[in-house]
1. Work out the mean other chain Cβ neighbour count within 10 Å for the residues of A:153-165 and drop it here as an integer.
2. Highest first, please rank the peptides B:146-156, A:168-178 by the mean number of other Cβ atoms sitting within 10 Å of their residues.
3. Can you give the accessible area per residue of region A:52-99, in Å², using a 1.4 Å probe?
4. Would you kindly work out, in nm and rounded to one decimal, the distances from the label point of B:E174 to those of the same position in each other copy, ordered shortest first, with label points 7 Å along Cα-to-Cβ?
5. Across peptide B:24-32, what mean number of C-beta atoms from other chains lies inside 10 Å of a residue's C-beta?
6. In nm, what does the list of distances from A:R49 to its counterparts in the other copies look like, shortest first, when each label sits 7 Å along Cα to Cβ?
7. How far is the Cα center of region A:24-54 from the Cα center of region B:12-82, in Å?
8. Using only atoms on other chains, find how many Cβ atoms lie within 10 Å of each Cβ of peptide B:56-63 and report the average.
Number of protein chains: 2
Amino acid sequence: MPKLWNETIEAHRRAVRDAILSTTAQLAAEHGVRSVTMSQIAEQVGIGRATLYKYFPDVEAILLAWHDRRITEHLEQLAEVRDQADGPGDRLEAVLRAFAHISRQTGAHNGTELGAFLHRDERVVRAQQQLHGMIRDLLAEGAQAGVFRDDVAPDELATYCLHALTAAAALPSEAATDRLVTVTLSGLRNGHSMPDGRGPAGRHEHHHGHHAGHPGH
Amino acid sequence: MPKLWNETIEAHRRAVRDAILSTTAQLAAEHGVRSVTMSQIAEQVGIGRATLYKYFPDVEAILLAWHDRRITEHLEQLAEVRDQADGPGDRLEAVLRAFAHISRQTGAHNGTELGAFLHRDERVVRAQQQLHGMIRDLLAEGAQAGVFRDDVAPDELATYCLHALTAAAALPSEAATDRLVTVTLSGLRNGHSMPDGRGPAGRHEHHHGHHAGHPGH
DNA sequence: TGACATAGTAGACAGTGTGTCTCGTAAAGT
DNA sequence: ACTTTACGAGACACACTGTCTACTATGTCA
């Protein structure tokens, strides 16, 4: 479909750009990142090779842009979910649940790996840090309220959360994903005695049912 | 060093093969998987390009072999750690702790990502499954003994464990890694009330200090 | 509507990596 | 000493890259 000339010219460029990203991701998933070529992409998208070079300088850049787009989308979704819930505990749970479902649906390259091996790019790292920051802040807030454990830094707990939930990609069902969130959350809860008998055994946890359905993709 | 002719001829081939794997991994980590070339590898290793082709058919195969070697090594290490501990709870904890430290040291492509994007290979998947199986069995054993939660299938808990602990790669210290293991373990413990108020609140867990130092690499 | 900027195409080009040969050399195995 | 095995250098056709030059088609704006 070389003739997808849309209304305005800017909309057209955006459409072509998106098509390039999607096609490249598909080819990469199908034949491996290493084998994707500019020629291949151009042919698959239905544009000339020279045209492709007017959008992106090389395959690396396309994969980077694709990754970037994904993370940005997810960030927006998660921020929305967060703002629809109230209280630190509920917010965190809602966000984590949404993140788990996103991971499951997309295949979870969210973590670190693809970015790590796809040559580290500052933008990607920064987007990753934003996500990490969001979780960390919710955890810190919740720890202050006594809902979450405070014997481990929120920073580290956030890392734990994000990685644990990428496991959703390997799970077979939505129900299993929900169970994963439950397990992950129970690692965060307050009220556990530590190996050395240190931890504050003061507050208690209170539960509440689910809510916050995961965002449709 | 084209002259690394070791004693026996088989030892030599093994040495060259290992050098190829290491060099390739290094180049991939340095410039990105996509940019690694056979010519580059041959030059870096110090052998002729044609010779390299007598060891591996292409870069993909080298990366696969490298990944394979890593996972195999780790499996052996973990099996050893497991057999040095007694009882389901202790064994699982020892294995998880070792796994976390390995993840931290190596950078943790253990998870799924590299393999997933590096074109799925049966061998790699199978090695991955072995690791998963080991954890799952320990969890099942422990659940029967009442040490771990039994409201979630061992299979799913194993997935949770492995992913959660790859977070170690992002942690700054050994101490932080230990804390991560603690948090992860507390997600596995029995005695939590579930959102629906189901779970058994029976037995308790006993702790004791570490042991089984992580295997030196 | 006409002028112009913008987006598109095809084809040519040198440069580089690929995968496969052959040939000559040198060391390991017997 | 004789054979096997491994290596390196060079040559080859082929594919992809990145850039450039025409030439065409469409949207934008006076």
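1. Per residue, the number of nearby Cβ atoms from other chains is 6 on average.
2. B:146-156, A:168-178
3. The answer is 40 Å² per residue.
4. Copy-to-copy label distances for B:E174: 4.6 nm.
5. 2
6. Its label point is 2.0 nm from the equivalent points in the other copies.
7. Their Cα centres are 27 Å away from one another.
8. If you average over the peptide's residues, the count of other-chain Cβ atoms is 1.
The values are calculated or read from the model by the stated rules, or taken from the named source; none is laboratory data. Computed from a prediction, not measured in an experiment: that's the story for all the values here. Backbone-built Cβ (ideal geometry, glycine too); neighbour counts: all protein chains shown. Ligands, DNA and RNA are excluded from the accessible area calculation, which covers all protein heavy atoms including side chains. Shrake-Rupley method; radii C 1.70, N 1.55, O 1.52, S 1.80 Å.
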